[in-house]
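Q: Following this message is one structure expressed as structure tokens.
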Amino acid sequence: MRSPFRIVAVVSVISLALAAQAQEATGGHAAGKASPDQLSTPTQQSGYTYVPESGKEKAGHVHTTYILRSPDGNKPAGLKTPTALSTIGPLATTEEAETPQSLGCLYVSSPSSAGCIPNYASGSGGPSAAGYGAIVLVDAYDNPNASTDLSTFDTYWGLPAANFTKVYANGNGSCTTPPPDAGWALESSLDIEWAHVFAPNAAIVLVEACSASWTDMLYAEQVAFNYIVSNYPAGGQVSNSWQGGEFAGQIADDSLFADFNYNWTTGYTTHILAFASSGDSGFGVGYPSTNPWVISAGGTSILRNSSTLKFSSESCWGGSGGGTSSQEAYTTAWSGGNMGPWADYQYPIFGQSSRATPDLSFDADPASGVWIYSQYGAGGWTVVGGTSLSSPALASIVNRAGNKLGSVFINPVTGGAWFSNHENNLLYSEIPTGKAYKANFYDVKTGSNGSSAVANWDYCTGVGSPRALLGK
């Protein structure tokens with residue numbers, strides 16, 4: 001988008017506990033839905049789970065993709081400090097709430113420790129300083145406590161203080177100040193906190209849309225990309241922890257998630273990647289996850305030894321979204337969207353077929369969910385899962401890797417610009433390798449989201465989950 005935006009950066013403080021109706025969510029290992037306005041049936045691992053009002057589908061709107069954990073069957077309430085939640089039982093493996101220290105150890109080997117066992121003590125730390133440019137999180141409505149939530153999160157875990165900015169996407173005239181919303185506030189707290197974990201040197205920018213309507217969210221996406229182009233020439237990532245259903249005509253919006261639509265103003269030198277949650281309802285797809293320009297973020301379960309709590313394995317999380325798009329077909333005629341010669345990273349798997357998701361995965365099972373702090377959304381500390389976690393965390397890991405990929409490559413021989421999803425090109429190119437794939441990714445082969453996890457790529461976890469930084 002080439003026209004200027006009216007942008008306001010603010011920080012304000014207010015407190016409100018979460019007040020949203022309950023709805024069924026997927027449990028620890030199986031996808032499924034029950035009647036609205038109820039907590040889910042308890043699972044052995046996570047107890048009960050709970051989806052807020054913001055996670056319900058609504059015509060013309062997008063929804064959040066996080067799930068709260070409630071071990072005791074009550075609506076999740078804010079806790080004073082993180083603590084162990086699982087009860088070690090007769091199962092060979094268990095799942096436990098994870099921390100910056102434990103997932104930093106597992107996914108990027110920082111900090112390194114035997115078994116990557118979660119440590120809930122204040123100051124337990126997280127990944128070492130790394131990162132560049134900015135990671136922008138696109139969410140709906142206002143989180144009046146965003147800045148203080150992030151500061152509280154960083155202080156407790158002993159993470160570096162974040163360079164944080166909040167931006168109102170109000171230039172389309174939909175609002176002057178986005179109204180506050182508890183469900184979306186928790187979403188944005190999750191997003192900014194876990195985007196900061198793996199790339200603490202990257203600036204964290206929260207772009208707040210006036211509402212969760214498609215019109216406002218797609219406008220906010222444009223604000224996010226333009227904000228990086230205007231303020232962070234090194235580039236960065238845009239994370240979208242939300243989803244709606246696919247729709248006829250979505251291809252016209254695909255390029256809004258690609259940096260070639262924006263970075264022409266800097267001679268295509270500002271590279272930006274978009275990430276999107278694959279969804280929390282098991283096998284099935286939504287938008288923008290199926291957009292060929294984005295990295296679709298799926299979900300795993302982290303299983304630990306019941307006796308020692310050492311990492312045992314990762315499995316497909318039953319709620320992880322994945323499947324084949326009904327809209328993003330293969331074509332050889334440039335459309336700005338669709339699969340085609342410019343987006344052929346899945347060609348060795350599917351040939352000339354429609355877009356399939358996800359691409360890459362991260363912990364998303366609420367049973368092995370993460371601690372976040374959200375004063376407006378939850379009244380304090382709480383444990384959250386869902387692919388809302390996968391998107392910002394993977395954006396942060398890719399930022400930490402520092403390859404600075406986007407959708408444009410300038411060919412020095414011809415001087416021409418080749419448009420492609422270069423991050424997915426890199427991820428998928430490693431699947432056939434004899435050594436790189438096994439060293440750079442965890443190949444998830446167990447579990448099901450309605451489609452069983454198998455070796456290499458699958459409809460639950462995509463390429464797999466990251467290990468260290470090579471090949472990201």
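Q: Report the calculated FRET efficiency for T331 and K58 (r = Cβ-Cβ distance, R0 = 41 Å), to the nearest 0.05.
A: Plugging the Cβ-Cβ distance into 1/(1 + (r/R0)^6) gives 0.85.
Q: Taking amide H atoms as placed 1.01 Å from N in the peptide plane, list the residues 5 or more away in sequence, or in a different chain, whose amide H sits under 5 Å from that of Y132.
A: Answer set, sorted by chain and number: A202.
Q: A further question on this structure: Counting only protein heavy atoms, what percent of the accessible surface of segment 335-457 is carbon or sulfur at a 1.4 Å probe?
A: The C+S portion of the solvent-accessible surface of segment 335-457 is 55 percent.
Q: Can you list residues from other chains, or at least 5 along the same chain, whose modelled amide H is less than 5 Å from the amide H of Y287?
A: Result for Y287 returns G244, G245, E246.
Q: Along Cα→Cβ, 7 Å out, is where each label goes; now give me the distance between the ones at T176 and A121 in nm to one decimal.
A: It works out to 5.1 nm between the two label points.
Q: Turning to a different aspect of this structure: Which net charge results for the neighbourhood of S353, defined as the other residues with beta-carbon distances under 14 angstrom from its beta-carbon, given Lys and Arg at +1 and Asp and Glu at -1? All intermediate terms of the calculation are to be shown ahead of the outcome.
A: On the way: positive: R355; negative: E328, D344.
Overall, the nearby charge balance is -1.
Q: Tell me which residues come under 5 Å, amide H to amide H, from T300 once H is placed; ignore anything under 5 positions away on its chain.
A: Result for T300 returns W317, F362, D363, A364, D365.
Q: Then there is this: Given a 1.4 angstrom probe, what's the average accessible area per residue across segment 281-336, in square angstrom?
A: 28
Q: To two decimal places, what compactness ratio does the chain give when its Cα radius of gyration is scaled by 2.2 N^0.38 Å?
A: Its radius of gyration relative to the 2.2 N^0.38 Å reference: 0.88.
Q: Going by Cα centres, segment 343-413 and segment 204-225 are how many Å apart?
A: 18
Q: Let me ask something additional. How do the peptides 124-135, 459-470 rank, highest first, by the average count of neighbouring beta carbon atoms within 10 Å per residue?
A: With the highest mean Cβ count within 10 Å placed first, the list reads 459-470, 124-135.
Q: Hey, what's the Kirkwood Rh for segment 101-209 if you take every pair of different alpha carbons, in angstrom?
A: For segment 101-209, the Kirkwood estimate is 14.6 Å.
Q: For segment 132-243, which whole percent of the accessible surface, found with a 1.4 angstrom probe, sits on carbon and sulfur atoms?
A: 47
Q: Now, a different point. For K80, which lysines qualify as cross-link partners when the Cα separation must be under 24 Å and same-chain residues fewer than eight apart are set aside?
A: Here the lysines satisfying the reach criterion relative to K80 do not exist.
Q: Per-residue HN-Hα couplings for segment 460-470, Karplus 6.51 cos²θ - 1.76 cosθ + 1.60 at θ = phi - 60°, whole Hz, x for Gly and Pro?
A: These are the phi-based 3J(HN,Hα) values: 9, 10, x, 5, x, 10, x, 9, 6, 10, 5 Hz.
Q: Cα centroids of segment 141-170 and segment 50-74: how far apart, whole angstrom?
A: Computed from Cα coordinates, the inter-centre distance equals 22 Å.
Q: Can I ask one more? Under a straight-distance cross-link criterion of Cα-Cα below 17 Å, which lysines are reachable from K438, leaving out those fewer than 8 residues away in the same chain?
A: Cross-link targets: K472.
Q: Lys and Arg at +1, Asp and Glu at -1: add these up for the other residues within a Cβ distance under 14 Å of G402 and post the number. Spell out each step's value before the answer.
A: Details: positive: R400, K404, K472; negative: E423.
Summing Lys/Arg as +1 and Asp/Glu as -1 gives +2.
Q: Given 37 °C and 0.692 mPa s, compute D for segment 191-295 with the Stokes-Einstein relation, Rh being the Kirkwood radius over Cα pairs; round to the nearest whole µm²/s.
A: In µm²/s, the coefficient is 227.
Q: How do 96-106, 112-122, 181-191, 421-431 rank on mean C-beta neighbours within 10 Å, highest first? It would help to have the intermediate numbers written out before the result.
A: Values: 96-106: 25.0, 112-122: 15.6, 181-191: 28.6, 421-431: 20.2.
In descending order of packing, they fall as 181-191, 96-106, 421-431, 112-122.
Q: While we're looking at this one, here's another question. Using each residue's phi in segment 162-171, evaluate 6.51 cos²θ - 1.76 cosθ + 1.60 at θ = phi - 60° and report the 3J(HN,Hα) Karplus result to the nearest Hz, with x for Gly and Pro.
A: Karplus values, whole Hz, x for Gly and Pro: 8, 8, 10, 9, 10, 10, 8, 8, 10, x.
Q: Mind checking which lysines have their Cα closer than 17 Å to the Cα of K75? Skip sequence neighbours fewer than 8 apart in that chain.
A: K56
Q: Mind jotting down the three principal axis lengths of segment 114-164 based on Cα atoms? Whole angstrom, largest first.
A: Projected onto its principal axes, the Cα set of segment 114-164 covers 40, 24, 18 Å.
Q: Return the calculated 222 nm mean residue ellipticity for the chain, to the nearest 500 deg cm²/dmol, obtained by summing -39500 (n - 2.57) across DSSP H runs with n ≥ 4 and dividing by the residue count. Provide the component values of the computation, followed by the final result.
A: Details: 9 runs with 91 residues, N = 472.
Theoretical 222 nm ellipticity from helices: -5500 deg cm²/dmol.
The values are calculated or read from the model by the stated rules, or taken from the named source; none is laboratory data. Note that the structure is predicted; figures quoted are calculated from it, not measured. Positions of Cβ are backbone-derived with ideal geometry, glycine not excepted, and every protein chain shown enters the neighbour counts. Note: accessible area is taken over every heavy atom of the protein model, side chains too, but ligands, DNA and RNA are not part of it. Shrake-Rupley method; radii C 1.70, N 1.55, O 1.52, S 1.80 Å.
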